[in-house]
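J.: Here you go, one structure.
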Amino acid sequence: MSTPDPFQQQREDMVHYQLEQRGINNPRVLDAMRHVPRHEFVPLEARELAYRDTPLAIGDDQTISQPYIVGLMTQALRLSGHERVLEVGTGSGYQTAILCKLASYVYSLERYPALATQAADTLSRLGYNNVDIHVGDGSQGLADMAPFDAIIVTAAAPAVPGPLRSQLHPQSGCMVVPVGDDKNQDLQFILRNLDRWDVKRIAKVRFVPLIGRYGFSVPPKPEAGSAGETPDSI
Ligand code: SAM
């Protein structure tokens, strides 16, 4: 007999109050978010907070996104199950797990090796095996594996990175990506039809920056020993 999940009720409440009541209505997305154990993707000391209506720190100055934002971005992709998806910004791996449930295969890129390793371990421990995690600059995409039916970028870019646009499947490849500066960003939905990319704005959002060649530049390292030291970049 399997042990009851002490977080199940919190997950049900999250889906009802944070997603359904705010207009997330895709049954596949709701079902995935009802089942993926979000508490497994946050640091141990933050488990009790995992289902709150907020992003949470996951180390390396990065965050696991708010459940509503995960639902909103995932719903926008309209996944039916057969897609190959590129995720830029693995973070904790929570969004990755949701994508694994809804698509055929997920390629996920993370800039910080420690986060990538931790996310890959969690996903493998929980039995997700339709995923490849890569360490690298996701603003350049993953040309060897392109084209992708869907691309999701979970960090804010100053403009839509050109390589990601061209790695979308030419016929109906779609992307969700936050675009803007460090304070004001539009969550954009982009639909490709050959050489045409139609853009729709979905919501105002605030994400951590996409750092890379087609994103923002690497933040300067503070003086050794000063407060607020940032981790080494790769
Ligand atoms: N979706 C994640 C989750 O469910 O935990 C949250 C992602 S977090 C808001 C954004 C992530 O993007 C961070 O882990 C950050 O290190 C990563 N990131 C920033 N720039 C990147 C880049 N150029 N390539 C890959 N990952 C990047």
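The values are calculated or read from the model by the stated rules, or taken from the named source; none is laboratory data. Worth saying up front: this structure is predicted, and the values here are computed from it rather than measured. Reconstructed Cβ throughout: ideal geometry from the backbone, glycine too, with neighbour counts over all protein chains shown. The protein model used for the area step is the full one, side chains on, heavy atoms only, and it has no ligands, DNA or RNA in it. Shrake-Rupley method; radii C 1.70, N 1.55, O 1.52, S 1.80 Å.
J.: Considering (1) aliphatic (A, V, I, L, M); (2) out of contact with any helix residue (DSSP H, G or I) (no Cβ under 9 Å at 6 or more places or on another chain); (3) touching a residue at least 40 places away in the same chain (Cβ under 8 Å), say which one Ala116 fails and leave the rest.
T.: It is condition (3) that Ala116 fails.
J.: Restricting the search to the range 19-48, which residues are part of a helix (DSSP H, G or I) and open to solvent by less than 20 Å² (accessible area, probe 1.4 Å)?
T.: Going residue by residue through the range 19-48, those that are part of a helix (DSSP H, G or I) are 19-22, 27-35, 38-41, 44-48.
Correct list: Leu19, Val29, Leu30, Ala32, Met33, Arg38, His39, Phe41, Ala46.
J.: Also, quick follow-up: Please go through the range 50-77 and give me each residue that is open to solvent by less than 20 Å² (accessible area, probe 1.4 Å), within 8 Å of the ligand (Cβ to nearest atom) and not in a helix (DSSP H, G or I), ordered by number.
T.: Ile64
J.: Could you check how many residues of the range 169-188 are under 15 Å from Ile151 (Cα atoms), in contact (Cβ under 8 Å) with a residue 24 or more places away in the chain and buried (at least 18 other Cβ atoms within 10 Å of the Cβ)?
T.: As a first pass, look at the range 169-188 and keep what is under 15 Å from Ile151 (Cα atoms): 169-179, 187-188.
Filter once more, so that each one left must be in contact (Cβ under 8 Å) with a residue 24 or more places away in the chain: 170, 173-178, 187-188.
Subsequent filtering for residues that are buried (at least 18 other Cβ atoms within 10 Å of the Cβ) retains 173-178, 187-188.
Qualifying residue count for the region: 8.
J.: Same structure, new question: Determine if the range 78-93 includes at least one residue that is within 15 Å of the ligand (Cβ to nearest atom), assigned to a helix (DSSP H, G or I) and open to solvent by 10 Å² or more (accessible area, probe 1.4 Å). Even if it seems obvious, please write down each step before you answer.
T.: In the first step, residues of the range 78-93 are kept if they are within 15 Å of the ligand (Cβ to nearest atom); the result is 85-93.
Now restrict to residues that are assigned to a helix (DSSP H, G or I): none.
Checked the range 78-93: no residue is within 15 Å of the ligand (Cβ to nearest atom), assigned to a helix (DSSP H, G or I) and open to solvent by 10 Å² or more (accessible area, probe 1.4 Å).
J.: Just the residues that are near the ligand (Cβ under 8 Å from one of its atoms) and aromatic (Phe, Trp, Tyr), please, taken from the range 110-141.
T.: Selection gives Tyr112 alone.
J.: Next question, about the same structure. Against the definition (over 16 Å from Gly136 (Cβ atoms), in contact (Cβ under 8 Å) with a residue 12 or more places away in the chain and among the small types (Gly, Ala, Ser)), how does Ala103 come out, yes or no?
T.: yes
J.: Which of the residues belonging to the range 142-168 are in a strand (DSSP E or B) and either more than 11 Å from the ligand (Cβ to nearest atom) or open to solvent by 30 Å² or more (accessible area, probe 1.4 Å) (or both)?
T.: To start, the set of residues in the range 142-168 that are in a strand (DSSP E or B) comprises 148, 150-153, 156-157, 168.
Hits for the range 142-168 are Phe148, Ala150, Ile151, Leu168.
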